[in-house]
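Worksheet: one structure, shown below.
The values are calculated or read from the model by the stated rules, or taken from the named source; none is laboratory data. Treat the numbers as computed from the prediction; the structure is a model and nothing was measured. Cβ sites come from the backbone with ideal geometry, for glycine too, and all protein chains shown count toward neighbours. These accessible areas exclude ligands, DNA and RNA; they are computed on the full protein's heavy atoms, side chains included. Shrake-Rupley method; radii C 1.70, N 1.55, O 1.52, S 1.80 Å.
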Amino acid sequence: MEFDVNLIRQQFPILSEATIHGKPLVYFDNAATTQKPQSVIDAISHYYRTENANVHRGVHDLSQRATQNFENTRNELARYLGNIDPKTIIFTKGTTESINLVAHSYPMAFLKPGDSILITEMEHHANIVPWQMACERHGLNLKVLPINEKGEWDLEFLPKLLDENVKFIACSWVSNTLGTINPIQTMIDAARKIGAKILVDGAQAVGHFKVDLKSLDADFFVFSAHKMFGPTGLGFLVGKEELLQQMPPYQTGGEMIQEVTFEKTTFNGLPFKFETGTPAIAEVIAFQKSLQFLNTISLDKAHQHESLLLKRATDGLNEIPEIVFFGTSDQKVSVLSFNLNGVHPFDIGTILDQRGIAIRTGHHCTQPIMQKFKVPGMCRASFSLYNTIEEVDFFIESVRKAAKMLCS
Amino acid sequence: MNKSIAQLQDELIEVFSFLDDWEDKYSVIIDYGKQLSAFPEEFKRDEFIVKGCQSRVWIVGQKMENGEIHYHADSDAIITKGLVALVLSIFNNQKPSEIIHANLDFFEKIGLGSHLTPTRANGLLEMIKRVKNIAQTFEKS
Ligand SMILES: Cc1ncc(COP(=O)(O)O)c(C=O)c1O
């Protein structure tokens, strides 16, 4: 498969249509959310124009069509993830909800007071706070694997932390703030060895490389559609069937039930037990187009392209005397976090915004990482497959300009 | 006799009316911040921090013998410090009642209106609210 960035860009209307302060958009906030191709945008409007009906309810044709199309997404996603069983894919509203579901339901079925949960220092707040709450509810202990100066897991601490009380591990595959691609297999193997279960937060992985869940073999894998060129308001929990079967429902209401009387309610089977209420139908259906988009490009070549962008940006910024980088592992996706010495990230973000460049500034929902590196926030440029060398060069020049304006 | 808030606003709008590109505007804003008088260390306390800003912003006011309020402000971000300096350049050394009832429209007029949306990380609206709140507490006392 060829990789032609200009052909790819043409599929993303916002890249040519949006103007920021009268200038063309340079979108480097892809770790927050990726842009959507025309096919996804069209699918949403096509659904509302021709197919809109509630799913899993009506005998009427429209509802059946919507239901079938809706379930097709589950099947296509199951294939995309390496031919897994579709009923082990739960639709949620995002990574955050997927983690909350597991943090709610898993401990109820499997954990007891005194058990420990291990997370890492680089987790997104979405993979910290739900576990803190679970610990409070169930009398569990939260343990944290530290990271080193390069922004990698400090695996030396792992054997000490993994005592026999650790029954669950929750960790991200790729850090949204530092870009580090973590040695996820090492962690999964470590979990297996002590008989602990493991949840992998794949939110930042799925937009950069192909994920094969058959070979990864995590107990739970969570991610969001909007970070892989899909719609917002849709995410996924993929879980081991035997675990999902034993876990009690998370939210309750319509759709997830089998029979309701005032004395007792019995629940529907997988995946519906965990999907209550009317789901994001248009988004689910349109997500097929995101998968088709991903299937038409070589993600290996895209990854090479992104690595090139990352290297060029890193080398370019490195020539600015005041530059400081955060996250300097050799194993990284195209996420570049930096500051200018003595300058608040907000100032840099404001100057870049004036030139049409969208980066993220702040703590990126990872305050412990800010505490680790002793900064109030960071600037983060995150590149995707549709970004270009020219955009990166303009970005480098713009950071230089910001340095000139702000570092005097 | 001090200039009125309305006069000061007009003068500021005048200054900015000569600047048409964003770079010059932000350079002037940054300069305003640099000219802000040193913030008294003893006031760098959490209770004087204005919430809702991505950077930290401190604002305190003191009532002078003539009844006017003198404000001090600081920020760890240069542009934010400039923005708060613009606000103070209009409100400093005015009577509490004038401050409370002042109608601020200069941000739109100098092309910085986008900083006024409630979700903007610099919290300009919050800064103005704090300045007015301080005036309110002094008016009552
Ligand atoms: C690593 C990681 N985990 C979790 C999340 C939360 O994802 P969502 O906001 O889609 O629920 C994000 C999003 O920024 C993330 O980067």
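Scan segment A:1-26 for residues that are in a loop (DSSP other than H, G, I, E, B) and more than 14 Å from chain B (Cβ to nearest Cβ) and jot them down. Those that are in a loop (DSSP other than H, G, I, E, B) and more than 14 Å from chain B (Cβ to nearest Cβ): A:Met1, A:Glu2, A:Phe3, A:Asp4, A:Gln10, A:Gln11, A:Phe12, A:Ala18, A:Leu25.
Report, by residue number, each residue of segment A:309-330 that is of a type in the set (A, V, I, L, M) and touching a helix residue (DSSP H, G or I) at 6+ places or on another chain (Cβ under 7 Å). Passing the criteria: A:Leu309, A:Ala313, A:Leu317, A:Ile320, A:Ile323. Right, B:Ala6: at pLDDT below 95 and more than 14 Å from chain A (Cβ to nearest Cβ) or not? Spelling it out, B:Ala6 is indeed at pLDDT below 95 and more than 14 Å from chain A (Cβ to nearest Cβ). Looking only at segment A:90-130, residues that are within 16 Å of the ligand (Cβ to nearest atom) and not aromatic (Phe, Trp, Tyr) come to 26 in all. Note on segment A:307-356: residues that are among the charged types (D, E, K, R) and free of Cβ contacts under 8 Å to residues at least 12 places away in the same chain total 4. One residue stands out in segment B:9-46 among those that are in a loop (DSSP other than H, G, I, E, B) and acidic (Asp, Glu): the one that is farthest from the other protein chains (Cβ to nearest Cβ), namely B:Asp20.
For B:Asp74, the test of being within 14 Å of chain A (Cβ to nearest Cβ), farther than 24 Å from B:Phe138 by Cα and either loosely packed, with under 13 Cβ neighbours inside 10 Å or not β-branched (Val, Ile, Thr) (or both) is failed. Restricting attention to segment A:96-118, the residues that are β-branched (Val, Ile, Thr) and either assigned to a loop (DSSP other than H, G, I, E, B) or in contact with a Phe, Trp or Tyr (Cβ under 6 Å, 6 or more places away or on another chain) (or both) add up to 2. Can you find a residue that is more than 16 Å from the ligand (Cβ to nearest atom) and of a type in the set (Lys, Arg) anywhere in segment A:225-241? Yes, that holds for at least one residue.
Identify all residues within segment A:198-210 that are surrounded by fewer than 21 Cβ atoms within 10 Å (Cβ to Cβ) and either modelled with pLDDT of 95 or more or more than 16 Å from the ligand (Cβ to nearest atom) (or both); write none if there are none. A:Lys210 - this is the single residue of segment A:198-210 that is surrounded by fewer than 21 Cβ atoms within 10 Å (Cβ to Cβ) and either modelled with pLDDT of 95 or more or more than 16 Å from the ligand (Cβ to nearest atom) (or both). Of the residues making up segment A:81-95, those that are charged (D, E, K, R) and either in a helix (DSSP H, G or I) or within 19 Å of the chain's Cα centre (by Cα) (or both) are A:Lys87, A:Lys93. Which of the residues spanning segment A:95-122 are of a type outside the set (Ser, Thr, Tyr) and open to solvent by 10 Å² or more (accessible area, probe 1.4 Å)? Passing the criteria: A:Glu97, A:Asn100, A:His104, A:Met108, A:Ala109, A:Phe110, A:Leu111, A:Lys112, A:Pro113, A:Gly114, A:Glu121.
For segment A:143-186, filtered to residues that are free of Cβ contacts under 8 Å to residues at least 24 places away in the same chain and either assigned to a helix (DSSP H, G or I) or within 16 Å of the ligand (Cβ to nearest atom) (or both), the residue that is nearest to the other protein chains (Cβ to nearest Cβ) is A:Phe157. Considering (1) free of Cβ contacts under 8 Å to residues at least 40 places away in the same chain; (2) within 16 Å of the ligand (Cβ to nearest atom); (3) more than 19 Å from A:Ser98 (Cβ to Cβ), the lone condition that A:Ala218 does not fulfil carries the number (3). Considering only residues in segment A:46-80 that are farther than 30 Å from A:Val211 by Cα and part of a helix (DSSP H, G or I), the one that is most open to solvent (accessible area, probe 1.4 Å) turns out to be A:Arg49. Only a single criterion out of (1) within 14 Å of another protein chain (Cβ to nearest Cβ); (2) more than 16 Å from the ligand (Cβ to nearest atom); (3) at pLDDT 95 or above is not satisfied by A:Asp29, namely (2).
Under the condition of being touching a strand residue (DSSP E or B) at 6+ places or on another chain (Cβ under 8 Å) and within 14 Å of chain B (Cβ to nearest Cβ), the residues counted in segment A:370-408 number 11. Return yes when A:Gln132 is assigned by TED's automatic domain parsing to the domain that holds A:Gly235, within 28 Å of A:Ile369 (Cα to Cα) and open to solvent by 60 Å² or more (accessible area, probe 1.4 Å) and no when it is not. Spelling it out, A:Gln132 is indeed assigned by TED's automatic domain parsing to the domain that holds A:Gly235, within 28 Å of A:Ile369 (Cα to Cα) and open to solvent by 60 Å² or more (accessible area, probe 1.4 Å). Scanning segment A:317-369 for residues that are open to solvent by less than 10 Å² (accessible area, probe 1.4 Å), of a type outside the set (Val, Ile, Thr) and more than 14 Å from every other protein chain (Cβ to nearest Cβ) yields A:Leu317, A:Gly327, A:Ser334, A:Leu336, A:Ser337, A:Phe338. Of the residues contained in segment B:47-59, one or more are found to be in a helix (DSSP H, G or I) and either in contact with a Ser or Thr (Cβ under 9 Å, 6 or more places away or on another chain) or open to solvent by 20 Å² or more (accessible area, probe 1.4 Å) (or both). Scanning segment A:249-293 for residues that are among the charged types (D, E, K, R) and in contact with a Ser or Thr (Cβ under 7 Å, 6 or more places away or on another chain) turns up A:Glu255, A:Glu259, A:Lys289. Going by the conditions given, is B:Ile69 away from every other protein chain (no Cβ under 14 Å) and touching a Pro at 6+ places or on another chain (Cβ under 7 Å)? It is true that B:Ile69 is away from every other protein chain (no Cβ under 14 Å) and touching a Pro at 6+ places or on another chain (Cβ under 7 Å). Within segment A:35-51, how many residues turn out to be among the β-branched types (Val, Ile, Thr) and over 16 Å from A:Asn69 (Cα atoms)? Selection size over segment A:35-51: 1.
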